[in-house]
Amino acid sequence: MKRPLSILLTFPFFLLTSLAQAADVLPPVRSVAQVDLERYVGKWYEIGAFPMYFQRHCTGNSTAEYALKPDGEIRVTNRCRTREGSDEALGNAWAPDSAKPGQLKVSFFWPFRSDYWIIGLDNEYRWAVVGNPNRKYLWILSRTPVLPPPLLDAALQAARLQHYDLTPLKYTPQTQP
């Protein structure tokens, strides 16, 4: 039985459209339910991240340091090694909803702000996974420059469970202090 050409040409389009719609029905990203900000503050090493425009000059040794401020906000200091030496960005983070302590906002210059959601966190605060609700940003952070393989696997699994495609993940070179 011959099929009309229009049906044969329409089927691939229908299939691709259906697959694209299926990708849009991922469950929403969830932040961790509990974060003790006093334990979370301190220095974190970037183990890996999705490439970001604002980190385009970074060649390694990327860190984020968080400090509680008297007003309850968090001072953010991001640093990295560049070809010219180093780069530093200063910002502020805060929890807009105290019932959702893992859903922070961060701003490096007013009036721009971005979601900073802690979507995975080791019980002992050895690693954290930070992303955002649209899955375009992702950072794997560690308290040490090198994350042992079992802990790295746990952090990557936390991202996978949130349906992050880890294909764009780039590992960050860190030199031991």
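Values in this text are rule-based calculations from the coordinates and carry no lab data. All values reported here derive from a predicted model rather than from experimental measurement. Backbone-built Cβ (ideal geometry, glycine too); neighbour counts: all protein chains shown.
Hey, what did the chain get for relative contact order, percent, Cα under 8 Å, at least 6 apart?
24
Springs between alpha-carbon pairs under 10 angstrom, Gaussian network model over the chain: which of ILE74, ILE119, ILE47 fluctuates most?
Of the options given, ILE74 has the highest mean-square fluctuation.
What full-extension length gain, to one decimal in nm, is calculated for THR82 and ASN123 as 0.36 nm per residue of separation minus the Cα-Cα distance?
Value of the extension gain: 11.5 nm.
Which loop-located trypsin sites (Lys or Arg not before Pro) does segment 26-78 contain, where loop means any DSSP state but H, G, I, E or B and the Cβ has at most 16 other Cβ atoms within 10 Å?
Taking segment 26-78 and a limit of 16 other Cβ atoms within 10 Å, the loop trypsin sites (Lys or Arg not before Pro) found are ARG30, ARG56.
Using the Cα centre of the chain as the reference point, and only Cβ charges (+1 on K/R, -1 on D/E), how large is the resulting charge dipole? Debye, rounded to the nearest 20.
560
For the cross-link pairs LYS69/LYS105; LYS43/LYS105; LYS100/LYS170; LYS43/LYS170; LYS43/LYS69, which exceed 22 Å when the distance is taken from alpha carbon to alpha carbon?
Violating the 22 Å Cα-Cα cut-off are LYS100/LYS170.
If we count every other residue with Cβ under 14 angstrom of THR175's Cβ, Lys/Arg +1 and Asp/Glu -1, where does the sum land?
So the surrounding residues net to +1.
So the label point goes 7 Å from the Cα of LEU90 along Cα→C-beta, right? Which residues of segment 43-67 then have their backbone N under 19 Å from it?
Taking a point 7 Å out along Cα→Cβ of LEU90, the residues of segment 43-67 whose backbone N falls under 19 Å are 43-44, 63-67.
By how many degrees, between 0 and 90 and to the nearest 10, does the Cα long axis of helix 149-161 differ from the longest principal axis of the chain?
Roughly 50 degrees between the two axes.
Taking the 0 to 90 degree range and rounding to the nearest ten, how far is the long axis of helix 5-23 tilted relative to the main principal axis of the chain, both from C-alpha atoms?
Taking the Cα atoms of the chain, the angle to 5-23 is about 20 degrees.
Where Lys and Arg each count +1 and Asp and Glu each count -1, what net charge lies around LYS43 among other residues with Cβ under 10 Å from its Cβ?
My count for the surroundings of LYS43 gives +1.
What is the P(r) of segment 37-171, as percent of Cα-Cα pairs per 5 Å bin from 0?
Final binned percentages: 2, 10, 20, 25, 22, 15, 5, 1, 0.
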